[in-house]
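Note sheet for the following structure.
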Amino acid sequence: MIGFELVRRAAPSRHMQVLAPVQAVLLTLLAGLALFAALGQDPLRAFHEFFIAPVSSANGLSEWLLKASPLCLIGLGLAVAYRANVWNIGAEGQMYIGGVCATGLAIHFQDSWGPFLLPAMIVAGALGGMFWASITALCRARFNASEILVSLMLTYVANMVVKYLVFGPWQDPQANNFPLTVEFQDDALFPLFAALGWEWFEGARLNLSIVITLVAIPLAWFFCERTFAGFQLAVAGVAPAAARYAGFSAPRAVWVAMLASGGAAGLAGVSEVAGPIGQLNDRWTPEYGFTAIIVAALARLNPLAVPFAALLMALLYLGGESVQIELQLPKSISQVFQGLLLMFLLGSEVLVRFRLRRRREGGSVQATERSVDAGARRSPGEGQR
Amino acid sequence: MTPPLLRLAGITKSYATVQALAGVDLEVRAGEIHAVLGENGAGKSTLMKSIFGAVQPDAGMIEWQGRPITIESPVAARACGIAMVFQHFALFESMTVVENVALALGERTTLGDLARRLSDVSMRYGLPINPAQPVHRLSVGERQRVEIVRCLLQSPRLLIMDEPTSVLTPQAIDQLFETLRRLAAEGTSVLYVSHKLEEIRRLCDRATIIRQGRVVGTADPRQESAARLAELMIGHSFPQTERRAKREGVLALEVAGLDVQADGPFGTALRGISFRVRAGEVLGIAGISGNGQSELLSALLGSTLSPMHAVMLGDRPVGTLGVAERRALGVAFVPEERLGVGAVPEMSLAQNALLTGYGRGLVRRGVVALDRAWAYAERCIADYGVVAAGPGAPAASLSGGNLQKFIVAREIAQAPRVLILAQPTWGVDVAATALIRQRVIDLAASGVAVLVISEDLAEILEICDRVAVLASGRLSPERDVHATSAAEIGRWMAGGFFDAQAVAA
């Protein structure tokens, strides 16, 4: 039987480590062109509708940044956590609870807190996300439960909490039984760029919540690359035995990783309910919390690369909507793109570290002549292992 | 004239960054015990794997009984009559001896029949083993016997032994040599790979010496002096360590009545361990790994906690303190594993300096002082002559000896009050070994308490003032190194001190 096997490379190429995500993006685009052709569309027109048209207007740019911002924020938090080998899969749920906490303040104190309401909501959202993540952190650090399962399952619990609130105590009495809260007043909303005198964005939904993301990018980078706590997380991630030997606390690494990623997801939740949504309902997120996992992976957990990965993933969302409207293609095509991207990314990463080799036939004894290839002798290696 | 059993010509093998073998020639005659002598990293293991089919050479020729052959795989090698006992055994702990052997042989036979054959062979060659014993109950020496008997069952023409004595007591080594001599007398050739000169001089008929992937000479080891062989092996004369006069200081580390649970189903629990190390002296704990060494280290490091007063630093009880707190009190550690414990393989040396040197002003208000970490690593590299591309080089790019020098340098640079080293020169080349041992001796002379846990008896006798043996989780009485002998320590390594203790009690 002929087969292939993966053989570990002695030393993965540094260039290819950096270029693997780029290669994955290019392959995704190529596969996308083929996909459009297979769907009976002119590939170039479809390409234009998917990737260019959605962002060629002020409104388009606004929508792009509006989607990229929460993806980037959550992606940064996840990059920090994944560096520590803490696999928080439940950012979606942490984002829900962040949104819920902000909403609680918004609908109860709309009339009394004035300009302090929005800052209070931001803090409440971050704390809410951290609280939800802390359940996972506790289970992992104290009982050694898998953070992957706990955080994922808690996402469904968070979803139920949202449903309970919007169908029950927080439902807007005037909503004709739709699962919605009242709409937030201005004090509970991030100011729009348009309202701040940026006329170019007139009518667009882009708001100041993007500032949180812009601040978070250098902060996350500084934490990962310059602080001792970030270093401890990185050591815990790549060599847990070395972390123990050095005296870095493993439970602490779990807590820091979960709280950082949960807090970021909670903030993303605030920026949605106090931004484009303007209320809490039971289906307000296009699964940013899950897509951000791809964002973090695509960025190779590098905080400075996360914004670009987030912009790309946001573009896939917009492109999907665009081709649905313009070319009547199914909207799920953007999920196909997400899937393609993730597959190509994982494939590229594997091939950076391994190479493919034809499997040898094992077991037979071959008594064949072998020439002495004197020409192949080289000078002795300088560095001996 | 009959052709030699095995002849290699111009065997060459390169890996991505190193040339492991550069045109090696080797000849093994029928019935001889042939030594392959070389330092760690000289290419011995790669050469043996080429013969055993586990590595395919890039160039060169292998002749077996006068016929050129290609050995495609270990299966093909076994079919030719080549068997190999590896340095690290591949036995399943939870299965019995005969089950392990049946797995490896892959023959269609009943376990009962195989057990009988096993007993026959083991009796014939003086390698007593009980086929029904589960492997996890066996000592390391017994495990090695299982591996040898497994090879002998296939009646090999050539038996390759890779560093077989590194885990054996002196008595077990004698027994092994007896077996190998008997095999040779019956016509089986033995390729004996080692860097231990005295053993090779005792056992082998001929020696091929390799250095940096090349053959640098063949010799009759019984005719040459150990010094001459060493010179051939390392390319210059053998470095010697120098002892300083011992100055006894205050009590620095005390362990009293320490009990520790086994750290796994096949670990060894510690029972009533007590010892003291004073400032300025080196205490050695000899014994074969797996007798409680890893449990003792965890308890000293602080990754396993003990009762408050079971471990004392000076007059301060630290049993319940964690690793970071003990480090802050002036304890430094050199762990047995370098990559993955002592150093993070993919991180730079500067980052690895930070790993345990963080208490030395490398972190200011939670922020890493990159320039200081860099300078710290640079100092370690310079002081110990570490061969590396610089503080930015990843730890994984260093050879074992150089990385160990770096780790020892990093720990000593913390100006510890107590330094604990586990297997400090395991797999380290001769020059680096000499340097590390000298630095440890010098450190003790400067007033630091040093504890060395090692399997290498020669090392213990060379650098320690006092020695005790850890066997089956119990610590033997202590001896002054000048008042004991390798034979006595060897008996203790096999657990021989229990009776003496019983008599004394």
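The values are calculated or read from the model by the stated rules, or taken from the named source; none is laboratory data. Keep in mind that this is a model prediction, so the values were computed, not measured. Virtual Cβ from ideal backbone geometry, glycine too; neighbours counted across all protein chains shown.
Among the helices (runs of 4 or more DSSP H) contained in the range A:229-302, which hold 1 or more residues that are over 29 Å from A:Lys331 (Cα atoms) and within 14 Å of another protein chain (Cβ to nearest Cβ)?
A:240-246, A:250-273
Looking at (1) part of a strand (DSSP E or B); (2) at the interface with chain A (Cβ under 9 Å from one of its Cβ atoms); (3) buried (at least 23 other Cβ atoms within 10 Å of the Cβ), which one does B:Glu39 not meet, given that it meets all the others?
(1)
Is it the case, given these coordinates, that B:Ile51 is crowded, with 23+ Cβ neighbours inside 10 Å, more than 10 Å from chain A (Cβ to nearest Cβ) and under 29 Å from the mean Cα position of the chain (by Cα)?
Considered against the rule, which asks whether it is crowded, with 23+ Cβ neighbours inside 10 Å, more than 10 Å from chain A (Cβ to nearest Cβ) and under 29 Å from the mean Cα position of the chain (by Cα), B:Ile51 comes out as yes.
Inspect the range B:106-123 for any residue being farther than 26 Å from B:Thr179 by Cβ, within 14 Å of chain A (Cβ to nearest Cβ) and either among the polar types (S, T, N, Q) or in contact with a helix residue (DSSP H, G or I) (Cβ under 8 Å, 6 or more places away or on another chain) (or both) and give the result as yes or no.
no
Which number in (1) outside any helix (DSSP H, G or I); (2) closer than 25 Å to B:Gly272 by Cβ; (3) within 10 Å of another protein chain (Cβ to nearest Cβ) marks the one condition that B:Thr304 misses?
Unmet for B:Thr304, out of (1) outside any helix (DSSP H, G or I); (2) closer than 25 Å to B:Gly272 by Cβ; (3) within 10 Å of another protein chain (Cβ to nearest Cβ): (3).
Of these, B:Ala449, B:Ala409, B:Ala458, which one is surrounded by fewer than 19 Cβ atoms within 10 Å (Cβ to Cβ) and either more than 18 Å from the chain's Cα centre (by Cα) or closer than 18 Å to B:Ile288 by Cβ (or both)?
On inspection, the qualifying residue turns out to be B:Ala458.
From the list B:Ser476, B:Ser472, B:Ser397, which one is in the same structural domain as B:Gly302 (by TED's automatic domain parsing), of a type in the set (S, T, N, Q) and on the phi < 0 side of the Ramachandran plot?
Of the residues listed, the single one that is in the same structural domain as B:Gly302 (by TED's automatic domain parsing), of a type in the set (S, T, N, Q) and on the phi < 0 side of the Ramachandran plot is B:Ser476.
Has the range A:277-284 got at least one residue that is in the same structural domain as A:Met95 (by TED's automatic domain parsing) and in contact with a Lys or Arg (Cβ under 8 Å, 6 or more places away or on another chain)?
Checking the range A:277-284: at least one residue is in the same structural domain as A:Met95 (by TED's automatic domain parsing) and in contact with a Lys or Arg (Cβ under 8 Å, 6 or more places away or on another chain).
Evaluate the following for B:Gly217: is it farther than 17 Å from B:Val146 by Cα, assigned to a loop (DSSP other than H, G, I, E, B) and more than 14 Å from every other protein chain (Cβ to nearest Cβ)?
In short, no.
Consider B:Asp315 against the criteria (1) surrounded by 17 or more Cβ atoms within 10 Å (Cβ to Cβ); (2) more than 9 Å from chain A (Cβ to nearest Cβ); (3) not aliphatic (A, V, I, L, M): it satisfies all of them except one. Which criterion is unmet?
Only one criterion is unmet by B:Asp315, namely (1).
Considering only the range A:240-267, state which residues are of a type in the set (Gly, Ala, Ser) and over 18 Å from A:Arg140 (Cα atoms).
Selection gives A:Ala242, A:Ala246, A:Gly247, A:Ala264, A:Ala265, A:Gly266.
Kindly indicate which of B:Ala54, B:Ala30, B:Ala59, B:Ala35 is in contact with a helix residue (DSSP H, G or I) (Cβ under 7 Å, 6 or more places away or on another chain) and more than 22 Å from B:His88 (Cα to Cα).
Within the list B:Ala54, B:Ala30, B:Ala59, B:Ala35, the selection yields B:Ala59.
Which of (1) farther than 27 Å from B:Ser446 by Cβ; (2) part of a loop (DSSP other than H, G, I, E, B) is the odd one out, the single condition B:Val387 does not satisfy?
So the condition that B:Val387 fails would be (1).
For residues that are assigned to a strand (DSSP E or B) and surrounded by 20 or more Cβ atoms within 10 Å (Cβ to Cβ), tally how many sit in the range B:194-214.
Adding up the residues that qualify gives 6.
Among the residues of the range A:108-151, what is the count of those that are under 19 Å from the mean Cα position of the chain (by Cα) and among the aromatic types (Phe, Trp, Tyr)?
1
Could you run through the range B:335-362 and say how many residues are more than 21 Å from the chain's Cα centre (by Cα), facing chain A (nearest Cβ under 10 Å), more than 20 Å from B:Val450 (Cα to Cα) and outside any loop (DSSP other than H, G, I, E, B)?
4
Would you be able to tell me the number of residues in the range B:459-485 that are over 18 Å from B:Val140 (Cβ atoms), outside any loop (DSSP other than H, G, I, E, B) and touching a helix residue (DSSP H, G or I) at 6+ places or on another chain (Cβ under 8 Å)?
Number of matching residues: 7.
Pick out, from the range A:27-108, the helices (runs of 4 or more DSSP H) lying fully within it that include 2 or more residues that are hydroxyl-bearing (Ser, Thr, Tyr).
Correct list: A:58-83, A:91-108.
Every residue in the range B:415-432 that is surrounded by fewer than 20 Cβ atoms within 10 Å (Cβ to Cβ) and not aliphatic (A, V, I, L, M), please.
The answer is B:Arg417, B:Trp426, B:Gly427.
Could you pull out the residue among B:Arg365, B:Arg379, B:Arg327 that is at the interface with another protein chain (Cβ under 8 Å from one of its Cβ atoms) and basic (Lys, Arg)?
B:Arg327
For (1) of a type in the set (Lys, Arg); (2) over 16 Å from the mean Cα position of the chain (by Cα); (3) under 30 Å from B:Arg327 (Cα atoms); (4) modelled with pLDDT of 90 or more, each residue gets a yes or a no:
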{"site": "A:Ala253", "(1), (2), (3), (4)": "no, yes, yes, yes"}
{"site": "A:Ser261", "(1), (2), (3), (4)": "no, no, no, yes"}
{"site": "A:Ala265", "(1), (2), (3), (4)": "no, no, no, yes"}
{"site": "A:Ala268", "(1), (2), (3), (4)": "no, no, no, yes"}
{"site": "A:Ser271", "(1), (2), (3), (4)": "no, no, no, yes"}
{"site": "A:Asp282", "(1), (2), (3), (4)": "no, yes, no, no"}
{"site": "A:Ala292", "(1), (2), (3), (4)": "no, no, no, yes"}
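Looking at (1) within 14 Å of another protein chain (Cβ to nearest Cβ); (2) surrounded by 21 or more Cβ atoms within 10 Å (Cβ to Cβ), which is the only condition A:Gln17 fails?
Answer for A:Gln17: the failing condition is (2).
Would you mind finding the one in A:Phe193, A:Phe178, A:Phe167 that is of a type in the set (Phe, Trp, Tyr) and touching a Pro at 6+ places or on another chain (Cβ under 6 Å)?
Answer to the check: A:Phe167.
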